[in-house]
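Report on the structure given below.
The values are calculated or read from the model by the stated rules, or taken from the named source; none is laboratory data. Bear in mind the structure is a predicted one, so any value in this text is a computation, not a measurement. Reconstructed Cβ throughout: ideal geometry from the backbone, glycine too, with neighbour counts over all protein chains shown. Just so you know, the surface numbers come from the protein's heavy atoms only, side chains and all, with ligands and any DNA or RNA stripped out. Shrake-Rupley method; radii C 1.70, N 1.55, O 1.52, S 1.80 Å.
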Amino acid sequence: MMAALGRARWAVTDGWVVGRANMINWRRNPGLIFYCMMFPIMTVVFGYVFGSAMSVEGGGDYRAFLMPGLFGQAMMFGVVTSMLAVTSAVSRGVTDRFRSMPMAQSGVALGRSFADMFSSLIELTILLVCGLLVGWRWHEGPGKALAALGLLLLWRYSLIWVGIYLGLLLPPDAAGAAYVPLLPLTMLANTFVSPEKMPGWLGHIAEWNPLSSTVSACRELFGNPGVGGDSWVTDHAVALAVAWPVLLLVIFMPLSVRRYRTLSR
């Protein structure tokens, strides 16, 4: 037991050191900060411009319906950021230099996850501020609002490990093209439209999209419109918003560490 705790502490300490090194890169690459600012602002503008032409199942303001969807979509798009950062580190030999050091094998992957969570906090904060500026509000108190933000960050953290694994697995050009399949996945959900308004078979697929569970749970906790439905998935949105990310973590954390250990072998 003590040996296992010692290894875990060693991994977290090394991960924090690697994470700080990755975060320092933000100061040297202001383009990353610009990217994190522009995507949330552009998506909010999109919703503000086209929101007047959209309606919400069950009534309510579309912009209030949209913002939790944009929060979830922004967290999901972050998987590509993680993939590109990992593939860049591998191609530049940074990963090999870390592998030659006397450090925990899982420390590099943990460090990447810490750094990406830091960028995710910045991105989510900007998106929240933009939403408040265009009139979005939460209505269920600060406790439930914080719980919703926690679910969003849990969703993002699980996807970081998906991105780390795919970044260690794919070449840089394939990682850069990841937006192509990712965009339909974010659209085939309740991000912009309620599944009830989709054709029957398409609505069932959208309901079971893990992104939909996080978005539905956030709408419920924020007190925004679009909550409800007569399916098991919508009735258990909060539980599924925890279960899906935990399942992804259980699968992709060990896969990422194992892939790192066997890299270039």
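Here are the numbers for the structure shown:
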read-out: Whole-Hz couplings from phi, Karplus 6.51/-1.76/1.60, listed for region 241-254; x for Gly and Pro; value: 5, 8, 5, 4, x, 4, 4, 5, 5, 4, 7, 8, 5, x
read-out: Using a Förster distance of 41 Å, the FRET efficiency for Asp230-Ala174 (Cβ separation, nearest 0.05); value: 0.50
read-out: Distance histogram in 10 Å bins (all Cα pairs of region 118-256, percent per bin); value: 11, 36, 37, 15, 1
read-out: Calculated from backbone phi, Karplus (6.51, -1.76, 1.60) coupling profile of region 199-215 in Hz, x at Gly/Pro; value: x, x, 5, 6, x, 5, 5, 5, 4, 8, 5, x, 4, 4, 5, 5, 5
read-out: Label-point separation, Lys197 to Glu140 (7 Å along Cα→Cβ), nm; value: 2.2 nm
read-out: Contour minus Cα-Cα distance for Met42 and Leu132 (0.36 nm per residue); value: 30.9 nm
read-out: Gain in span if fully extended, Ala243 to Arg92, counting 0.36 nm per residue against the direct Cα distance; value: 50.8 nm
read-out: Label-point separation in nm, Val250 to Ile205, each point 7 Å along Cα→Cβ; value: 2.7 nm
read-out: When region 105-145 is reduced to its Cα atoms, the Kirkwood hydrodynamic radius in Å; value: 12.3 Å
read-out: Inter-label distance for Leu84 and Leu185, nm, one decimal - labels placed 7 Å from Cα along Cα-to-Cβ; value: 1.7 nm
read-out: Fraction of accessible area attributable to carbon and sulfur, region 131-245 (%, probe 1.4 Å); value: 72 percent
read-out: Exposure rank, largest accessible area first [Phe222, Phe46; 1.4 Å]; value: Phe46, Phe222
